[in-house]
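No lab work stands behind these numbers, since they all come straight from the coordinates. A quick note: this is a predicted structure, and the numbers were derived from the prediction, not measured. Virtual Cβ from ideal backbone geometry, glycine too; neighbours counted across all protein chains shown.
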Amino acid sequence: LTSLKIYADGLVDCWGLVDLEEFADKLASGWVATEFEEGARASVHGLGEWRFAEPYSYTDADCLLAEVRDTVEELNGRPTTSDRCLAALDAFLADPGEDRRAALRAAYLGIPETRRVYILGDMDSKDWPLQVLAFGPGGTLTGMFEGATVGDRDHGSALEYFAEWASHKEVYKERPRAEEGPDGRGEPRAGAIVLEQRFFGAGTPSDPGILVLRNDFPAPVTVDGAPYPTVLHAYRAASVADPATREAIRTAENPGRAGLLAREAPRRPDWAVARTAVMLRLLRAKFEQHPDLAEVLLSTGDRTILYDDSGSPRYWGNSGPEGRNWAGRLLELVRAELCAARAGI
C-alpha cells in the first residue's frame with residue numbers, strides 16, 4: 001500500500017514514473033492492483049502486513065484510470081468530468097429538454113463511479129436530485145440508489161431542489177464569510193488562499209506572486225550570523241544535533257537535499273516540541289530581512305492561509321484529513337505582528 005503520485009504533465013509515480021498509457025498497462029497487468037483475491041498478501045513498508053479475508057473493492061481498473069485522468073485535468077486547471085457534468089446541469093436547467101437531459105445523463109455517467117456521490121456538494125441529498133433529472137421520469141437510478149425508478153413526484157421535487165440550490169449559490173457567492181469578532185458580532189472575512197507546492201529548483205518564476213511566502217522559496221535568511229538559502233534550509237539545519245551536518249544542510253543545493261540530509265541525521269532532543277517556535281523565529285527573520293516579501297504577506301489581509309505540503313501533511317501542511325496547517329497558521333501570526341507594528345499597537 002503506497003501513495004499514487006500524479007503530476008500535471010500526465011506522469012504517474014507508481015514505484016516508477018510512467019505516462020497515462022503505461023499506467024493503463026500497469027493497471028491491466030495487476031502491477032497496480034484494484035481488486036484482491038482471498039488470501040492475497042498486502043503490506044505497508046516499514047509498518048506491517050496482512051492477508052485479505054473476504055476482500056471487497058470499491059473501485060476497478062477503469063474507474064481508477066478515470067480518476068487519474070480527472071486529476072491531471074484538475075492540476076492543469078481544465079474542466080474535470082464533474083465540472084462538465086455541472087455545466088450540462090446548468091444547460092438543462094436553463095432550457096429543459098430531452099436532448100439536454102441526454103447530454104446531462106451522458107456527462108453524469110462519464111464521471112468515475114467512485115465520485116458519483118457528492119457532485120452537488122450536498123451530504124444530505126447526495127446526488128439524488130442530479131440523478132433524477134439526468135434519468136428523468138420512468139428512468140432507473142444507479143449507484144447507492146440502484147434500481148429506484150424516477151416518478152413524476154420525484155422529478156418535481158428535484159426541480160424544486162435546484163430552484164432553491166441556484167438561489168442559495170447566488171446568495172453564498174455574494175455574501176462575505178463571517179467569524180466571531182472580539183465584540184461577539186460576526187465580522188466579514190475574506191476566503192482562504194492556498195500556498196500551492198512548487199519546485200523552485202529550475203529557477204524562480206518572474207512573478208511568483210504569493211508563492212514567495214512559502215518556506216522553500218529562495219529568499220536567503222541570516223540566522224545567528226549564518227546565511228541560509230531558504231527558511232527550509234535553516235529549519236532543517238536547526239533540527240539536527242551534529243554541527244558538521246548542520247553546515248552540510250546549510251550549503252545544500254536545494255531544500256529537498258537539505259531535507260534528505262536532515263532525515264538521515266540524529267535529531268536534537270525535544271525537537272518535536274521546539275520545532276514550532278523555531279519556525280516562528282525563522283519566519284520573523286525572513287519577513288524582517290525582506291520588506292518586499294512582508295508587503296506580500298500583508299496584502300493577504302485577514303484571509304486564512306492554507307499551506308500545501310504533501311511531504312508533511314499532518315503538522316505543517318493543510319493536506320490530508322489530519323493536516324494541522326501550522327505553516328499557514330504561523331504565517332498568519334507573523335502577518336498579525338507586522339500589521340500591529342505598522343499600526344503602532
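Using only the C-alpha atoms, the convex hull of the range 5-75 corresponds to 101 Å³ per residue.
As a footprinting exposure proxy, order 5, 286 by other Cβ within 10 Å, with the fewest listed first. Mind showing how you got there, number by number?
Values: 5 11, 286 26.
Placing the least packed residue first, the sequence is 5, 286.
Modelled this way, with points 7 Å down the Cα-to-C-beta line, the labels at residue 157 and residue 198 are 4.8 nm from one another. Of (1) 48; (2) 31; (3) 24, which is the value of percent of Cα pairs over 33 Å apart derived from the coordinates here? Computed from the coordinates, percent of Cα pairs over 33 Å apart corresponds to (1).
Give, in whole angstrom and from largest to smallest, the semi-axes √(5λ) of the equivalent ellipsoid of the range 241-345, with λ running over the eigenvalues of the Cα gyration tensor. Don't skip to the end; give the middle numbers.
On the way: eigenvalues 145, 62, 34 Å².
The answer is 27, 18, 13 Å, longest axis first.
First check a/c for the range 81-174, with a ≥ b ≥ c the square roots of the eigenvalues of its C-alpha gyration tensor; if it is under 1.5, answer rounded, and if not, answer prolate when a/b is larger than b/c or oblate otherwise. Can you show the working numbers first?
Details: a/c = 1.32, a/b = 1.22, b/c = 1.08.
The shape class here is rounded.
List the GluC sites (Glu not before Pro) within the range 1-108 that fall in a DSSP loop (any state other than H, G, I, E or B) and whose Cβ has at most 13 other Cβ atoms within 10 Å. Walk me through the numbers before you get to the answer.
On the way: sites: 21, 22, 35, 37, 38, 49, 67, 73, 74, 98; in loops: 35, 37, 38.
Listed in order of number, the matching sites are 35, 37, 38.
In deg cm²/dmol and to the nearest 500, what is the mean residue ellipticity at 222 nm of the chain if only DSSP H runs of at least 4 residues count, each as -39500 (n - 2.57), divided by the residue total? Let's see the in-between values first.
Details: 12 runs with 152 residues, N = 345.
Value at 222 nm, helices only: -14000 deg cm²/dmol.
Using the alpha-carbon atoms, what tilt in degrees (0 to 90, nearest 10) does helix 152-174 show relative to the longest principal axis of the chain? The two axes meet at around 30 degrees.
Here the Karplus relation 6.51 cos²θ - 1.76 cosθ + 1.60, evaluated at θ = phi - 60°, turns the backbone of the range 95-112 into coupling constants of 8, x, x, 5, 5, 6, 5, 5, 5, 5, 4, 5, 5, 5, 5, x, 6, x Hz, with x for every Gly and Pro.
For the range 78-122, the average shadow cast by the Cα convex hull is 3.3 nm², which is a quarter of the hull's surface.
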